[in-house]
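Here the structure is laid out as structure tokens; the discussion comes afterwards.
The values are calculated or read from the model by the stated rules, or taken from the named source; none is laboratory data. This one's a predicted model, so the numbers in the text were calculated from it and none came from an experiment. A quick note on method: Cβ atoms are made from the backbone with ideal geometry, for glycine too, and the neighbour counts reach across all protein chains shown.
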Amino acid sequence: MTLKLKEIIKVLENWAPKSDAEDFDNVGLQVGDPEQDIEKALVTLDITDEVVNQAIEENAHLIITFHPLIFKGLKQLSGKNRIERLVVKAIQHNIALYAIHTNLDAQLDGVNGMIAERLGLEDCKILIPKTEDLFKLKFFVPHMDAEKVKDAIFSTGAGTIGNYAECSFNTEGYGTFKPIKGANPTLGTLDQRHEEPETKVEILIQQKEINNVLSMMKSAHPYEEVAYDLIPLKNENQTKGMGQIGKLKEPMAAESFLKLVKNQLTTTCVRHSDLIHKKIEKVAILGGSGAFAISPAKMAGADAFVTADLKYHDFFLAENGILLCDVGHFESEQYTKNLITRYLSEIFPNFAILTSDINTNPVNYYI
Ligand SMILES: [Zn+2]
């Protein structure tokens, strides 16, 4: 099965919109033409020489990577460092490079969803929810057309709060307007103020839904000029953000928990703070560098926090109240490859997607 690169990108960005990425990040298509035909994709955590060689051998003209190869602007492509060399090599072999990184971290079913699944955590919630991602849409519509316009908006999936779909608040009133020269009014007469019984509808929408929702609203609305307000909110988005917190099915002793983490996340070792004496039940997780989330994890009442890249002084923050576990950066994120492959395979069951088995961890352990 052949897909256009842009079809694959659309699916990935529907799952993890680029707007969900952190400011420092550089996600999306880094090398390639969206119109390019792709017959096989290779999924990796990092792009290395070995990974590009594997793509060449396998005839995979797309590499989907978790960590972006290009972070900062490139001024030359002369091959003087690893990044330039690999970009040149990819271009020479007509291989597109696509990065899905902190935008995937932010999703409930993203990087941390995979860690939660492997550790057997239940009832997972976002540890540090995103703010400024939600908007309130208010619009005014004649009574008789209110349901039709709401149906159009709800058909996009907007208006969902947690497990409740089609949420709206409606108030009845009346609007006034005077069509003037050049108008082609659905209701009212030229140069006369018209009063119309209208419904004010309020719906909560996400940033990524804005364009779609506004175009559906305008096409279903009877008026030539639709009156609406789009207001940014400071509410927390409970489905997006950094890290997650969930519960183990059965509480367990700290040592048993470390064993579970070591086995399920396939780590050589787990660096951890002092063993705590209470049972571990509530567990916070954050794939990749997570020292910044130690306080939020403690505040959320986590008994343990599984993450990576903790420094010496970070371990002192445990203060016998939480078990801090550093499993290694690569180790904490390694199953993201499988997650991306699984997601794409469900949507494109006949498309060839290969999970690279190359270990791209730049850190080695001498034991
Ligand atoms: Zn990472």
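Structural remarks
- Those residues of the stretch 290-310 which are farther than 15 Å from Ala116 by Cβ, assigned to a loop (DSSP other than H, G, I, E, B) and within 16 Å of the ligand (Cβ to nearest atom), in sequence order: Asp309, Leu310
- Once the stretch 313-334 is narrowed to residues that are within 16 Å of the ligand (Cβ to nearest atom) and acidic (Asp, Glu), the residue that is nearest to Ile280 (Cα to Cα) is Asp326.
- Complete set of residues in the stretch 68-96 that are in contact (Cβ under 8 Å) with a residue 60 or more places away in the chain and within 20 Å of Glu13 (Cα to Cα): Ile95, Ala96
- Condition check for Glu147 on (1) out of contact with any Pro (no Cβ under 9 Å at 6 or more places or on another chain); (2) at pLDDT 95 or above; (3) surrounded by 18 or more Cβ atoms within 10 Å (Cβ to Cβ): one failure, at (3).
- Each residue in the stretch 315-336 was checked for being surrounded by fewer than 23 Cβ atoms within 10 Å (Cβ to Cβ) and within 25 Å of the chain's Cα centre (by Cα), and 6 of them qualify.
- Among the residues of the stretch 156-210, those that are out of contact with any helix residue (DSSP H, G or I) (no Cβ under 8 Å at 6 or more places or on another chain) and on the phi > 0 side of the Ramachandran plot comprise Gly162, Gly182, Gly188, Asp191.
- Meets criteria (modelled with pLDDT of 95 or more, in a strand (DSSP E or B) and within 16 Å of the ligand (Cβ to nearest atom)) for Gly287: yes
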